[in-house]
Amino acid sequence: MTDSNWKRGGNIIIALIILVLTIPDLDMPYTKNYNLSFCSDSEVIEVERFDFFACEIGYLEGEMSLILQLISSESENWGLVDSFGDSPINILILNQQNYNNFYDKENYDVSNIEFLSLNINEDNKDLSINFPIIDIPSDYYFLVFDWEYGKEDEADYASTSTLDISYYIQFRDSGYWESRPY
Amino acid sequence: MLVLLDSANYLLEVYFWLILGSILLVTLTIIFARPAPSQLNDNNEYDLKEGIVTEKASDDHHANTERKEIDDKELNKEEIEEEQEVLIQQAKKQWALAFTIFGLSFMTVGSIVIYFFEYTFTTFFGSCMIYVGVMSIVKGMTLQLSELGLVKKIVPIGIFFLNFGLISLVLYLIEVDIQPWMMMDTGIRSSYLFVIYVLPYLIWTIVPSFNTTKEVKSTYPWASIILKNNLKFILFNFIIISILNLNLISLPFLRQVTKGALEFSIYILMITVLLETVAFIRKPKATSNEIDQTEDLDAKITTDYDRTEEGLAIRDFYEEEENEYFSTEVIEQEEKNDR
């Protein structure tokens, strides 16, 4: 085998390794946020208990309006909430530092207190959240659906289950909806 | 039009495309302003000295005369090379000066426009002028840098960050609200990637760089070249994201662009690795043999040339017998004496 063949073969192997490592949602301790894809406006996701789903929002700053809706395909009466029982799903919008802390199962914070009300639990059954004006510090943000990530040891019985969630999210600058009323 | 102007969002989109348009305009101006490649090549012929050679009886031995002629030729060659280098250095200085004056003028006018006028368009116009001015000055500076491997590798990285900083400044000055990547459509995403990654590369490659070393045309298949460059691009973005993940420095806009570029390059990687694998499986021997043969041929030509330049006495002296080794030179000497 000649040198040029070795080089070409080596490039192909490196490329294949990169492709494997960047498969979305690959559960590896070292991939962290490298293999996350960007969020879509609306998407159906699968969340596993004691795990989380995350996608990248991107760069946010200033006064923005936020619309977040969860859509349950199973029931029109938001049966989704009841199915969580004592284990609610936390919907988090985290900046990069807090996302890394969350990923490493360390203490994390939220950039805006309003983000805390995004959680789905028994007390908050309205799954359509609309913030006309929310002040967001300039940073890079991630959308996270956390279903007791890292709490497997604390649970009485560690039985995993999965749940399909369909969500719709929109970020716009606060004057956007007035200028584009459609 | 008035309706468009009333809507800030539409206006911002118009600005964005105006930025692209104006920068491309400047780029095209530079392309057409630079001298044609044929004129650049003519520099080699400017200082070829002409004269009349007259025959003259030699006082010395024939061998000494020949040696003298060889020495003279070598000296002439060196002189021509030195003169060429001097010419290149002069041209470099002239271009560096031109770039600096051009850049400073643009920066000054741009600053004046921003300072005296408060319209959004004038701010945008002035910002673009400052952008072009700074890039021009840096281009002039790089013309004076050496062509060492390390400098060659560092300069593009420096240019990337400079371009990124300037684009961020322009966007800040014209008060463009940067949307999150997830909200952008494909066209806007492509525009951002073009402005951040492709534009500085284009500006740098179209203006003259006066490289004395000739670039050897690669004999690798094009799929292999694209794959290799794509891997470099991925590595570059991966390193930036890794550095930003350390949270030592907060550059969310850079994080957004590099992540977008990384995602885009992964899609390209899927295609290129497929093409390269097919090319590798289909014609691995022929292609690689061609490459190796070319490399061997180049090496052989260089070695033979060097050996001829150095003279026979240096070549393989220890490997052969002295009489046999110098036999060719003795025969040649005798033939010349007979004449």
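Residue order for A:Trp6, B:Trp95, B:Trp204, fewest other beta carbons within 10 angstrom first, comes to A:Trp6, B:Trp204, B:Trp95. Mean partner shielding of peptide B:260-272, defined as the number of other chain Cβ atoms within 10 Å of each residue Cβ, is 3. Cross-link pairs exceeding 23 Å between alpha carbons, from the set A:Lys7/B:Lys232; B:Lys153/B:Lys232; B:Lys92/B:Lys228; B:Lys232/B:Lys259: B:Lys92/B:Lys228. Taking θ as phi - 60° and the Karplus parameters 6.51, -1.76 and 1.60, the scalar couplings of the range A:39-47 work out to 5, 9, 4, 9, 7, 9, 10, 10, 10 Hz in sequence order, x denoting glycine and proline.
Taking a ≥ b ≥ c as the square roots of the eigenvalues of the Cα gyration tensor, the range B:219-282 is classed as prolate, since a/c reaches at least 1.5 and a/b is larger than b/c.
Packing here is the average count of other Cβ atoms within 10 Å per residue, and on that basis the peptides A:57-70, B:99-112, B:127-140, highest first, run B:127-140, A:57-70, B:99-112.
Ranking of A:Arg172, A:Arg8 by neighbouring Cβ atoms within 10 Å, starting from the fewest: A:Arg172, A:Arg8. Taking 0.36 nm per residue of separation and subtracting the Cα-Cα distance, full extension of the segment from B:Arg67 to B:Leu87 would add 4.2 nm.
A short reminder: the numbers here are calculations on the coordinates, not readings from a lab. Worth saying up front: this structure is predicted, and the values here are computed from it rather than measured. Glycine also receives a Cβ, built like all others from the backbone with ideal geometry; neighbour counts cover every protein chain displayed.
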